[in-house]
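A.B. asks: Got a structure here, written out as structure tokens. Questions coming.
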Amino acid sequence: MTQYTIYGRKRCGYCDKAKALLEAHGLPFKYIDIEEDATALEWFINQGFETVPQVFQNNLLVGGYDALEAKFLEHPQPHLEPPLVAHAHDRPA
């Protein structure tokens, strides 16, 4: 089953939009607030990310909200399609 992960923070309109988009399509996701999870924040910075949200599908980077939205426009059933970017970003547990 396809699993999405969103790295975001409070007061982030695009993070809220990414969550709403996945919810509207009934797709499961995990939301990680980098302001509340020090390990996630350290990993996020070490990966070179500077903006939120960063969305992953099955641990593969999709990108920010615009990339996620484009994925849904290109593939009405994105859970059946391969991710846009095939670069794994392993995050420590």
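A.B. asks: Residues that are open to solvent by 70 Å² or more (accessible area, probe 1.4 Å): list the strands (runs of 3 or more DSSP E) wholly contained in the stretch 1-66 that include at least 1 such residues.
C.D. replies: Working: elements: 4-8, 29-33, 54-57, 60-63.
Output list reads 29-33.
A.B. asks: Does ALA38 satisfy being modelled with pLDDT of 95 or more and of a type in the set (Gly, Ala, Ser)?
C.D. replies: Details: modelled with pLDDT of 95 or more: yes; of a type in the set (Gly, Ala, Ser): yes.
The answer is yes for ALA38.
The values are calculated or read from the model by the stated rules, or taken from the named source; none is laboratory data. These numbers were taken from a predicted model, which means no experiment stands behind them. Areas reflect the complete protein model, heavy atoms only, side chains present, ligands, DNA and RNA absent. Shrake-Rupley method; radii C 1.70, N 1.55, O 1.52, S 1.80 Å.
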